[in-house]
1. Report, in debye and to the nearest 20, how large the dipole of the stretch 14-198 comes out about its Cα centre when Lys and Arg carry +1 and Asp and Glu carry -1 on their Cβ.
2. Along the Cα-to-C-beta direction of Arg82, a point sits 7 Å from the Cα; which residues of the stretch 4-47 have their amide N less than 18 Å from that point?
3. Tell me which label goes with the value of Cα extents along the principal axes in Å computed from the coordinates here: (1) 66, 51, 43; (2) 72, 45, 33; (3) 68, 52, 49.
4. Would you please give the FRET efficiency between Tyr27 and Gln308, computed as 1/(1 + (r/R0)^6) with r the Cβ-Cβ distance and R0 = 30 Å, to the nearest 0.05?
5. Can you work out ³J(HN,Hα) from phi for every residue in the stretch 123-129, in order, using Karplus 6.51 cos²θ - 1.76 cosθ + 1.60 and θ = phi - 60°, giving whole Hz and x for Gly and Pro?
6. Can you compute the charge dipole magnitude of the stretch 213-379 about its Cα centre, using +1 on each Lys and Arg Cβ and -1 on each Asp and Glu Cβ, nothing else charged? Give it in debye, rounded to the nearest 20.
7. Please give, to one decimal in nm, the separation of the simple spin-label points placed at Arg5 and Met266, each 7 Å out from Cα toward the Cβ.
8. Rounding to the nearest 10 and keeping the result within 0 to 90°, find how far the Cα-based axis of helix 85-97 lies from the longest principal axis of the chain.
Amino acid sequence: RRSSRSDDGSSPRIHLNQPFVYFGQSYSQIYVNHNGHLTFTGPWRSFTPQRFPINGSRDVIAPFWTDIDNRERGQILYKEHRSGHILQQATQDVNQYFPGLNFRAVSVFVATWHEVAYFPETSTVTTFQAVLISGGRYSFVLMNYGAIDRTTHSIQIGYDTVHSAHHHSIPFYFGTDADGRVFQQRSNVNVPGRFAFRTDTGTSGPLYLINGRRSPQSDDGSSPRIHLNQPFVYFGQSYSQIYVNHNGHLTFTGPWRSSTPQCFPMQGSRDIIAPFWTDIDNRLRGRILYKEHRSGHILQQATQDVNQYFPGLNFRAVSVFVATWHKVAYYPRTSTVTTFQAVLISGGRYSFVLMNYGEIDRTTHSIQVRYKQIQYLIKCIF
């Protein structure tokens, strides 16, 4: 179907027969906005790209966000495919770029900006696509680039979510005097002119879903005692409680205020998991969140991750505790922004810790990133 000819316009509301899962949110509608982006809850006229992360109130997929005018040149087309060779092509592409998932596409939504012009340069010609692929519990976005004309407009390419819990910006493309040949040569999947991202639960990047109960805002503080419905076995010790300490570490027997990292091994009296032990202050910026998951897609994601990283165990997660330090600041530099996670995974006789890192700001602070058992260093992560 062809969208109307209008500057800064949008398609009407498009019903999706197969809902598209976008970082935990399931959408049955979508809007193809003329200025090179897709939104889900309503049309969006914005022609001035902003750098991701926006920290805004909408989910956005932006294959080529810039000032586009299709009134005199080009077509903006969209279609949801539920059968035929497009599904076969999408299935093949996803299994090539993301091996091991045994993926099968059941829906492919294709939005194409075909030979459109930049405003007000009506002689320019630019072609690109966003391809949204759904199948089972997985969803993916492909961004494809044909002939891209030169422009002095700023361009933003990537994706962003509500409050920027998940975001990705393709380097280089936000700026001026963009050379279209670069778009046709670059890729993250070794296919020139194509970028591919997994978008169902955030595994296009390393972070698990960011949600849960929020720890109080306090410098050198801690969460209250958190009861674990599934005890976590940590080098022979079984713990039914945990504390998320604001300065980037977890402890089990009580909160810990320490803001000055020490080198492991400490030969100390506590068990510690330290995804990013440094001096953090969440009073003015950021959130510290925690949640124990006992069902749903987070357990599926953890099961898949563990079996990929530790093959041969035939592992199945029964509990996943996620602690997220989301866009927190270093003390006393309140303008800094840093995001990281500790993910504690339990199942049967096995337990695992993942440490995930998003955007990490520069700092002159010392940082300790490891874990320690009482009086014995088991393993260094970095």
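Just so it is clear, none of the values below were taken in a lab; they were calculated from the coordinates. All values derive from a computational prediction rather than experimental measurement. Methodologically, a virtual Cβ is constructed for each residue, glycine included, from the backbone with ideal geometry; neighbour enumeration extends over all protein chains shown.
1. Magnitude of the dipole: close to 480 debye.
2. Of the residues in the stretch 4-47, 14-21, 27-30 have backbone N under 18 Å from the label point off Arg82.
3. Evaluating Cα extents along the principal axes in Å on these atoms matches (2).
4. Step by step, r from the Cβ atoms, then E = 0.60.
5. 8, 7, 9, 9, 9, 7, 9
6. Values: 18 positive and 9 negative charges, 44 e Å.
Its charge dipole is roughly 220 debye.
7. With each label placed 7 Å out from Cα toward Cβ, I get 6.9 nm.
8. Tilt relative to the chain: about 40 degrees.
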